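First the structure, in the form of structure tokens, and then the observations on it.
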Amino acid sequence: MKNRAVTAADIGTAVRKKRKEDGLTLAEAAALCGVGYRFMSDLENGKETVQVGKVLKVLAGLGLDMTIEPRKWPDE
């Protein structure tokens, strides 16, 4: 699964998709990742003010990686 994330909603969608693929409820995923239910819900719903450190914790807990690389512009 490789997704391009441009918005907070894109990250939330990827997290929700992985959680559901793993057969986890929101509460189970939150507990597994060491975050609260409300945070997990906010993340999946694309809340833009979630804490980056906790987002990284969730990604790691669900076995997702985030890669940052230079953008390729159309004329390249």
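The values are calculated or read from the model by the stated rules, or taken from the named source; none is laboratory data. Not measured: the values here are computed from a predicted model. All Cβ positions, even for glycine, are placed from backbone atoms using ideal geometry, and neighbour counts span all protein chains on display. With ligands, DNA and RNA removed, areas are computed over all heavy atoms of the protein, side chains included. Shrake-Rupley method; radii C 1.70, N 1.55, O 1.52, S 1.80 Å.
Remarks
- Scanning the stretch 58-76 for residues that are under 11 Å from the mean Cα position of the chain (by Cα) and open to solvent by 100 Å² or more (accessible area, probe 1.4 Å) yields a count of 2.
- Summed over the stretch 32-55, the residues that are out of contact with any Leu (no Cβ under 8 Å at 6 or more places or on another chain), hydrophobic (A, V, I, L, M, F, W, C), surrounded by 14 or more Cβ atoms within 10 Å (Cβ to Cβ) and within 16 Å of ASP10 (Cβ to Cβ) give a count of 1.
- Among residues of the stretch 48-76 that are in contact (Cβ under 8 Å) with a residue 60 or more places away in the chain, those with a Cβ under 8 angstrom from a residue that is assigned to a loop (DSSP other than H, G, I, E, B), sequence gap 6+ or separate chain, pair up as MET66/ALA5.
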